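S.K.: Sharing a structure here in structure tokens format.
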Amino acid sequence: MPGIGVITNPRSRQNLRDPASMRRLGYLIGSRGEAAATGSLDDLYRVAEEFKKASIDILGINGGDGTIHHTLTAFIKAYGEQPLPQVAILRGGTMNTIANSLGIKGDPAKLLFELVDKYHQNDPFEVIEKEVLAIGDAYGFIFGTGLTANFLEAYYKTGKASPSTAAKLLLRAIFSSLVDGKLAREITKRFHARVVVDGDVWARDDFMTVTASTIEQIGLGFRPFYRCNEKPAHFALLGIHTPTPLGVAGELARVFRGRPMRRDKVIDSIAREVFFECDGQPGYTIDGDIYKIQGRLRLATGPKLQLIRLNSRLLEERNQR
């Protein structure tokens, strides 16, 4: 019988795999009344095949941005040409950049309650249609090299993953840029790359970052990808080439408001397909997970998802009236 299949990362701060807590919610979850706690990628691909066989209506994902990236990659590959179920992001991560950008708010358990309650009551969901990025053989929402990956590496090295840690690191990087400090130089280290966008080669080949996304935010409320909804089946693409770290710091207020950066500092476009080649094997990120580029990397518009926008805070406010 079709139903709701839930993938939960066992390392998530707010885990939904405890059967007792699920019974306290009063609902059965998953394709056969259970949620699937995945401890490895092998588990994830196995569960994707099981959920496909069970013909679930909704795929719930409890975890952070990296969990979403790995789950979507597994399910898109498992389903192939078959349409994916609707996707409900239940937060549960540290930064929750994807959920925040999509306007999904609330505690994971309360979001799950709202999801299952509406499903069983046959209440309509607010659904957003959104493409993902195909990045090599993986799928996600946000891609970034250079500055984007370097900042995340410095963030992970703190060993204290949290929005406040990320904010403090950003402030440190801004102050470092004012004095041309070591931190700013490391995060904004330049690289050379050949970028081909829909058949056209970019005139510049030296950057601080080349980054792309199908959602507006990149974290901490900053919205560099304000063009992501400009044209169907396209994604926002930025190549920041300003010569100094201070040049980036000076644009942060614009980026936070979702405004364009100065044209002499960035190549700002939209694209359907990008080929990226660069010297060496620099790091790049997909939704917060870091990889190494091996030769030529292709970015393209991926499958269109039906994403359920949940907001347990609105439900709480209505109940309090």
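S.K.: When the stretch 176-201 is examined, which residues are found to be surrounded by 13 or more Cβ atoms within 10 Å (Cβ to Cβ) and without any contact (Cβ under 8 Å) to a residue 24 or more places away in the chain?
M.R.: Passing the criteria: only G181.
S.K.: Continuing with this model, one more query. Sort out which residues of the stretch 214-238 are farther than 14 Å from L133 by Cα and part of a loop (DSSP other than H, G, I, E, B), and write them in order of number.
M.R.: Q217, I218, L220, G221, R223, P224, Y226, R227, E230, K231
The rows are residues; the columns are (1) farther than 22 Å from M261 by Cα; (2) under 16 Å from the mean Cα position of the chain (by Cα); (3) modelled with pLDDT of 95 or more.
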position: E153; (1), (2), (3): yes, no, no
position: L171; (1), (2), (3): no, no, yes
position: A212; (1), (2), (3): no, yes, yes
position: P224; (1), (2), (3): no, yes, yes
position: C228; (1), (2), (3): no, yes, yes
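S.K.: Sticking with this one: Residue check: is F235 in the same structural domain as V179 (by TED's automatic domain parsing), buried (at least 20 other Cβ atoms within 10 Å of the Cβ) and over 22 Å from the mean Cα position of the chain (by Cα)?
M.R.: Numbers: in the same structural domain as V179 (by TED's automatic domain parsing): yes; buried (at least 20 other Cβ atoms within 10 Å of the Cβ): yes; over 22 Å from the mean Cα position of the chain (by Cα): no.
For F235, the condition - in the same structural domain as V179 (by TED's automatic domain parsing), buried (at least 20 other Cβ atoms within 10 Å of the Cβ) and over 22 Å from the mean Cα position of the chain (by Cα) - is not met.
S.K.: Then there's this: For the stretch 80-98: of the residues being at pLDDT below 90 and farther than 16 Å from F141 by Cα, which is surrounded by the most Cβ atoms within 10 Å (Cβ to Cβ)?
M.R.: G92
S.K.: Related question: How many residues, within the stretch 154-171, are in a loop (DSSP other than H, G, I, E, B) and under 15 Å from T285 (Cα atoms)?
M.R.: Summing the residues that are in a loop (DSSP other than H, G, I, E, B) and under 15 Å from T285 (Cα atoms) in the stretch 154-171 gives 0.
S.K.: Sticking with this structure for a sec: Go through (1) surrounded by 19 or more Cβ atoms within 10 Å (Cβ to Cβ); (2) in contact with a Gly (Cβ under 9 Å, 6 or more places away or on another chain); (3) within 16 Å of F276 (Cα to Cα) for R204 and report which single condition fails.
M.R.: Every condition holds for R204 apart from (1).
S.K.: Could you check the stretch 282-299 and list, in sequence order, the residues that are under 15 Å from A212 (Cα atoms) and surrounded by fewer than 16 Cβ atoms within 10 Å (Cβ to Cβ)?
M.R.: R298 - this is the single residue of the stretch 282-299 that is under 15 Å from A212 (Cα atoms) and surrounded by fewer than 16 Cβ atoms within 10 Å (Cβ to Cβ).
S.K.: Which condition does T242 not pass, out of (1) over 19 Å from the mean Cα position of the chain (by Cα); (2) surrounded by fewer than 18 Cβ atoms within 10 Å (Cβ to Cβ); (3) among the polar types (S, T, N, Q), if it passes all the others?
M.R.: Against the list (1) over 19 Å from the mean Cα position of the chain (by Cα); (2) surrounded by fewer than 18 Cβ atoms within 10 Å (Cβ to Cβ); (3) among the polar types (S, T, N, Q), T242 comes up short only on (2).
S.K.: I89 versus (1) of a type in the set (V, I, T); (2) assigned to a helix (DSSP H, G or I); (3) within 17 Å of the chain's Cα centre (by Cα): which is the lone unmet condition?
M.R.: Condition not satisfied by I89: (2).
S.K.: How do the strands (runs of 3 or more DSSP E) wholly within the stretch 258-309 filter down when requiring 1 or more residues that are touching an Asp or Glu at 6+ places or on another chain (Cβ under 6 Å), within 25 Å of A78 (Cα to Cα) and among the polar types (S, T, N, Q): which remain?
M.R.: Correct list: 297-308.
S.K.: Has the stretch 140-153 got at least one residue that is under 17 Å from L102 (Cβ atoms) and either of a type in the set (S, T, Y) or not in a loop (DSSP other than H, G, I, E, B) (or both)?
M.R.: Yes; the residues of the stretch 140-153 include at least one that is under 17 Å from L102 (Cβ atoms) and either of a type in the set (S, T, Y) or not in a loop (DSSP other than H, G, I, E, B) (or both).
S.K.: Can you name every residue in the stretch 254-297 that is assigned by TED's automatic domain parsing to the domain that holds L238, farther than 27 Å from K130 by Cβ and of a type in the set (D, E, K, R)?
M.R.: R262, R263, D264, K265, E277, D279
S.K.: Restricted to the stretch 99-135, and to residues that are part of a loop (DSSP other than H, G, I, E, B) and either more than 21 Å from the chain's Cα centre (by Cα) or free of Cβ contacts under 8 Å to residues at least 24 places away in the same chain (or both), which residue is farthest from G219 (Cα to Cα)?
M.R.: N122
S.K.: Please verify whether the stretch 163-184 includes one or more residues that are among the polar types (S, T, N, Q) and within 21 Å of G92 (Cα to Cα).
M.R.: yes
S.K.: Scan the stretch 268-284 residue by residue and report those that are over 18 Å from V196 (Cα atoms) and modelled with pLDDT of 95 or more.
M.R.: none
The values are calculated or read from the model by the stated rules, or taken from the named source; none is laboratory data. Predicted model only: the values in this text are computed from it and were never measured. Quick reminder, even Gly has a Cβ in these numbers, built from the backbone with ideal geometry, and neighbours come from all protein chains shown.
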